[in-house]
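Below is one structure, written out as structure tokens; comments come after it.
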Amino acid sequence: MQRQVALIKQSLFDQGYLDDQFIELEELQDDANPNFVEEVAALYFKDSPRLINSIDQALERGSFDFNRLDSYMHHIGASKVKTECTMFREYCRVGNAEGCLRSFQQLKKEHAILRKKLDHYFQLARQAGPKEAARRSK
Amino acid sequence: MADVMRPEKLDMSNDTSSLGSPELLHVLAVDDSIVDRKFIERLLRVSSCKVTVVDSTTRALQYLGLDGNHSSVGFEDLKINLIMTDYSMPGMTGYELMKKIKESSAFREIPVVIMSSENILPRIDRCLEEGAEDFLLKPVKLADVKRLRDSLLKADEMSFKNIMHKRELQANDIYSQLKRAKI
């Protein structure tokens, strides 16, 4: 089971869903705080949908206040999602409405995928035993 | 025959260090992102710092008593050793917060570190010119925090040592004056 967890984690890295930041977060875990990474992920998925909704509503209204859109997107960046964020913000910067819409659709997809994959990963990791999950796979 | 006190017996107060409690730096962190707040708080705790986290520049100013609603009474005892603030925040930016802090007599000596996810050179230059202790790119690394902490502890240790040395010299001076007066 632990090996399965390690394999899944490795594939998340390989596919670009996780990056070094994940490792940094893991290094902050200890016996007193064994689930820190999962807590951060939970916070992220509690916080980012709100921002995504704000952008959704703004775009639906046809409101292309690029500065505001950009500031919403500011906080959503997470690895693969980050790529789409960067593209969205670039489109904002040059005022490209169509580009914004396109990259935003892609971002929502990536965000949902990331959420599913991480949920699955953390679920398995919990079953395997918290201490093992915190160990880095190299 | 009066008893001339030797220097060691003179009352030399130990509370010359600016550290609020022994060895624990107290850091005020300001960030509007809940994820980033959780992260920086953890980084600071892991680095053995006492942490106060607020979610806006408004709250930071309130905490420091700089929001115009307070006199400075009651805030002199507030021991903050470092302020870390995000740059981009709604309303007042971290840069503007830093300027307010530098304008206050109570807190202008406190080092201010600015954090940002954007690597914009003119922004970094401006912050450093305005007196930022450092500018950290997000995601902030544990190594960055430890480095900050170590340099602050060292600076404090140096100033503590300087003060103690000064007092020693003064005490020795008084002692020898008294001795001479006895002759």
| Which of the residues belonging to segment A:32-77 are within 27 Å of A:D14 (Cβ to Cβ) and in contact with a Cys (Cβ under 8 Å, 6 or more places away or on another chain)? | A:M73, A:I76, A:G77
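For B:K50, indicate whether it is open to solvent by 50 Å² or more (accessible area, probe 1.4 Å) and over 14 Å from the mean Cα position of the chain (by Cα). Outline the logic, then answer.
Working: open to solvent by 50 Å² or more (accessible area, probe 1.4 Å): yes; over 14 Å from the mean Cα position of the chain (by Cα): no.
Considered against the rule, which asks whether it is open to solvent by 50 Å² or more (accessible area, probe 1.4 Å) and over 14 Å from the mean Cα position of the chain (by Cα), B:K50 comes out as no.
Can B:N172 be described as open to solvent by 80 Å² or more (accessible area, probe 1.4 Å), in a helix (DSSP H, G or I) and over 30 Å from B:V30 (Cα atoms)?
Working: open to solvent by 80 Å² or more (accessible area, probe 1.4 Å): no; in a helix (DSSP H, G or I): yes; over 30 Å from B:V30 (Cα atoms): yes.
No.
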| In segment B:136-183, the residues that are free of Cβ contacts under 8 Å to residues at least 60 places away in the same chain and among the hydroxyl-bearing types (S, T, Y) | B:S151, B:S176
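One line per residue, one yes/no per condition, for (1) basic (K, R); (2) at pLDDT below 85; (3) closer than 20 Å to B:D31 by Cβ:
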position	(1), (2), (3)
A:Q4	no, no, no
A:I8	no, no, no
A:E24	no, no, yes
A:E39	no, no, yes
A:A42	no, no, yes
A:S71	no, yes, yes
A:G77	no, yes, yes
A:V81	no, yes, yes
A:M87	no, no, no
| Got at least one residue in segment A:57-70 being in contact (Cβ under 8 Å) with a residue 60 or more places away in the chain and in contact with a helix residue (DSSP H, G or I) (Cβ under 8 Å, 6 or more places away or on another chain)? | no
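Give me the residue from segment B:92-147 that is among the hydroxyl-bearing types (S, T, Y) and closer than 18 Å to B:S33 by Cβ and, out of that set, modelled with the lowest pLDDT.
Ranking the candidates gives B:S117 first.
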| If you check every pair at least six apart or on different chains, which have Cβ atoms under 7 Å apart with a residue in segment A:23-34 that is within 8 Å of chain B (Cβ to nearest Cβ) first and a residue that is surrounded by 14 or more Cβ atoms within 10 Å (Cβ to Cβ) and of a type outside the set (A, V, I, L, M) second? | A:E24/B:P139; A:E24/B:K141; A:L25/A:F36; A:L28/A:F36; A:L28/B:R42
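Please report, ordered by residue number, the helices (runs of 4 or more DSSP H) entirely within segment B:45-135 with at least 2 residues that are touching a Ser or Thr at 6+ places or on another chain (Cβ under 7 Å) and touching a residue at least 60 places away in the same chain (Cβ under 8 Å).
Working: elements: B:57-64, B:94-103, B:121-129.
Filter on segment B:45-135 gives B:94-103.
Within segment B:124-149, can you find the residues that are acidic (D, E), out of contact with any helix residue (DSSP H, G or I) (no Cβ under 8 Å at 6 or more places or on another chain) and away from chain A (no Cβ under 14 Å)?
Within segment B:124-149, B:D125, B:E129 meet the criteria.
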| request: Examine segment A:37-45 for a residue that is more than 25 Å from B:D144 (Cβ to Cβ) and either surrounded by 17 or more Cβ atoms within 10 Å (Cβ to Cβ) or touching a helix residue (DSSP H, G or I) at 6+ places or on another chain (Cβ under 7 Å) (or both), and state whether such a residue exists. | output: yes
| said: I need the full set of residues from segment A:1-22 which are within 14 Å of chain B (Cβ to nearest Cβ), outside any helix (DSSP H, G or I) and open to solvent by 40 Å² or more (accessible area, probe 1.4 Å), in order please. | reply: A:D19
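The values are calculated or read from the model by the stated rules, or taken from the named source; none is laboratory data. All figures in this text were calculated on a predicted structure; none of them were measured in a lab. Here the Cβ is made from the backbone with ideal geometry for all residues, glycine too, and neighbour counts use every protein chain on show. To get the accessible areas, we keep the full protein, side chains included, count just its heavy atoms, and leave off ligands, DNA and RNA. Shrake-Rupley method; radii C 1.70, N 1.55, O 1.52, S 1.80 Å.
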